[in-house]
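Heads up, the thing below is written out as structure tokens.
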Amino acid sequence: MTRCFWQPPKTKQAPKVELKVAVSSGDLRSLDANFDGGLARRVYFLDTPDLALQQHGLIVRVRSTEGRAGDAVVKLRPVLPKALPAWLRNDNGFAVEIDALPDNYACSGALKRSLGRHEVERTIAAGKPLARLLSGRQRRLLTAYASVPLSALLTFGPVEVRKCRLTLAALDHPLMAEEWTFPDGSSIAELSTRCPSGKAAAVAAETSSALRAYGIVPDDEPQVTKTEATLRYFRPLFANP
């Protein structure tokens, strides 16, 4: 592992880069992460028992946020922006960025739909599938990349998520701290920051140096995304007896 946590690509295929690193809950405490004034969310993912969407590079996520509007996102990862259909590239709700972990990176594209407050909770309370919250364009995106009917999608979740903003004296940009807690009480934690692609190398170096000063370094084990960790956790619940 080099002293810099990330090796983001030098590319213009995406305007922004999100630098992410999995850490421990203890690391967040050492940075004085205070979730009391941050966001509280419940996050759900949709997929089939055999993760057919994931196999096609598709991620479907639905979030309810305390005191705010919820949202539904259909994400493609990895994606080659120039190869995307024009209707998707030109959609104002579609955004492309580089997701960078310490040991890998990928270009992703996300089509987002805002939901009303409590819309996710009302849908669940009514016993209706969360897939019904997807927009027509999001459904079109799913159909274009995977032949999976919406009726086949199951709910992976919820995960209780807390998120807050961190400001470190050694950094001139903020960090976001997240802690995801699963139903059995186990949790994963992550630090992240976004920046323009052209500044990714400098921001990566500065952030790595600041975190090392607090004794925070990536694990030697390959890091996984929060999506991957959630699907791994809930998938056994749908396994055939």
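The values are calculated or read from the model by the stated rules, or taken from the named source; none is laboratory data. For clarity, every value in this text was computed on a predicted model and none was experimentally measured. Protein only, heavy atoms only, side chains kept; ligands, DNA and RNA dropped before computing areas. Shrake-Rupley method; radii C 1.70, N 1.55, O 1.52, S 1.80 Å.
Would you work out if the range 1-141 is rounded, prolate or oblate? Take a ≥ b ≥ c from the square roots of the eigenvalues of the alpha-carbon gyration tensor; rounded if a/c is under 1.5, else prolate when a/b is larger than b/c, oblate otherwise.
Numbers: a/c = 1.89, a/b = 1.12, b/c = 1.69.
It comes out oblate by the Cα gyration axes.
Run the helix sum for the chain: -39,500 (n - 2.57) per DSSP H stretch of 4+ residues, divided by residue count, reported at 222 nm to the nearest 500 deg cm²/dmol. The partial results should precede the final answer.
Working: 7 runs with 54 residues, N = 241.
Rounded to the nearest 500, it is -6000 deg cm²/dmol.
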Report summary line: Percent antiparallel among DSSP beta bridges confined to the range 1-103, nearest 5, equals 75 percent
Query - Volume per residue that the Cα convex hull of the chain spans, once the total is divided by residue count, Å³ - result: 139 Å³
Requested in this report: Quick one: work out Rg over Rh on the C-alpha atoms of the range 176-231, Rh as Kirkwood radius.
Outcome: 1.02
Report task. With everything on Cα atoms, drop me the angle between helix 136-145 and the longest principal axis of the chain, reported from 0 to 90° to the nearest 10. Result -> 80 degrees
Report task. Return one number: the angle in degrees, 0 to 90 and rounded to the nearest 10, between the long axis of the Cα atoms of helix 200-213 and the longest principal axis of the Cα atoms of the chain. Result -> 70 degrees
Query raised in the report: Can you run phi through the Karplus equation (6.51, -1.76, 1.60; θ = phi - 60°) for the range 20-35 and list ³J(HN,Hα) in whole Hz, with x for Gly and Pro?
Result: 10, 9, 6, 10, 9, 4, x, 4, 5, 5, 5, 9, 6, 5, 10, 7
Query - Accessible area (Å², 1.4 Å probe, nearest 10) - Tyr44 - result: 20 Å²
Query raised in the report: How much accessible surface area, in Å² rounded to 10, belongs to the heavy atoms of Arg139 with a 1.4 Å probe?
Result: 90 Å²
